[in-house]
Amino acid sequence: FVQREAFMLGTVFFERQSARKTKMVFDFDDSIWLQNVSKANQSLSFLKDAQKTAKLIEIADLVLAGNSYLQQYALQYNQQTKLIPTVVDTSHYQSVTDKSGTSICIGWSGSFSTVPYFETIVPVLLRLKKKYGNRIYFKLIGDSTYYNESLELRGTAWTASTELAELAELDIGLMPLPDDEWTKGKCALKGLLYMSMEQVAVLSDVGVNATVVENGIDGFLCRDLESWFDTLSSLIEDASLRRKIARNGRKKVQESYSVASQKSKLIQLLDDLI
């Protein structure tokens, strides 16, 4: 397997040599052919060869794409491209029914490089805080240096050992995204994690998000700040709505975006390759 950005440096010399001796599978779940570099990684941007994506796809015996947008890109270079959606281990990411406190936790999980996505809806969260006061509070997982005084929000670091405990605190999970070529390649992992944890996922109506979530049935899709405000207000005010959407979201992931749901298909593809 050759997977994602860790292999986007340098030439394809070593991969070509390996491909002559064994079968090569290329798996990707981002628009890594774009020269998209976060501020945190700008100093290393000269090392990134975005064109390497196409070269690796061409020499692979099998290509696995995380969504249909990525699949259409890869099919230009290799007809042996199959769609395997990004999945979640639902036996690991499970609902937590024993939540302490009566305030509703609205949260976001990501990395320090994607915090700017979270900040796009800070104006909405400020309006909600003004409207609902102590009925709600906010959580940000992934950047321990983040602080927003107006929201009374201090970020927490992401670690593998604390991830479940941190996520378990959320009642409503947020995934705001701009609508651009980079985000069209994203595979909604944040939303899937929230849904698997039986939390309400509220996502930007961008890219694969609209495929993962059926709006108002197993999650919510928002197009602008006003729809974010209206959706979150409805969820804050209606506990039964939160419970219904959260249950449906968990069911959706189990049926279509869990490890178990895609395991047989992946095993068959690899068996056929061998």
Report summary line: Of those in the stretch 6-61 that are among the basic types (K, R) and more than 26 Å from D272 (Cβ to Cβ), the residue modelled with the lowest pLDDT is K39
Report summary line: Flagged pairs (Cβ under 8 angstrom, 6 or more apart or on separate chains; first in the stretch 136-158, touching a residue at least 60 places away in the same chain (Cβ under 8 Å); second open to solvent by 20 Å² or more (accessible area, probe 1.4 Å)) are I136/S103; I136/K129
Query raised in the report: If we scan the stretch 98-105, do we find a residue that is among the basic types (K, R) and open to solvent by less than 40 Å² (accessible area, probe 1.4 Å)?
Result: no
Report summary line: Residue hits (the stretch 166-211; part of a loop (DSSP other than H, G, I, E, B), modelled with pLDDT under 95, open to solvent by 30 Å² or more (accessible area, probe 1.4 Å) and touching a helix residue (DSSP H, G or I) at 6+ places or on another chain (Cβ under 9 Å)) are P178, K186, G207
Query - E149 of a type in the set (D, E) and over 22 Å from the mean Cα position of the chain (by Cα) - result: yes
Query raised in the report: Residue check, R243 against (1) open to solvent by less than 40 Å² (accessible area, probe 1.4 Å); (2) part of a helix (DSSP H, G or I), all met but one. Which one?
Result: (1)
Query raised in the report: How many residues are touching a residue at least 60 places away in the same chain (Cβ under 8 Å) and outside any strand (DSSP E or B) if we restrict to the stretch 50-72?
Result: 6
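The values are calculated or read from the model by the stated rules, or taken from the named source; none is laboratory data. Computed from a prediction, not measured in an experiment: that's the story for all the values here. Neighbour counts are summed over all protein chains in view; Cβ atoms, including those assigned to glycine, are modelled from backbone coordinates with ideal geometry. Areas reflect the complete protein model, heavy atoms only, side chains present, ligands, DNA and RNA absent. Shrake-Rupley method; radii C 1.70, N 1.55, O 1.52, S 1.80 Å.
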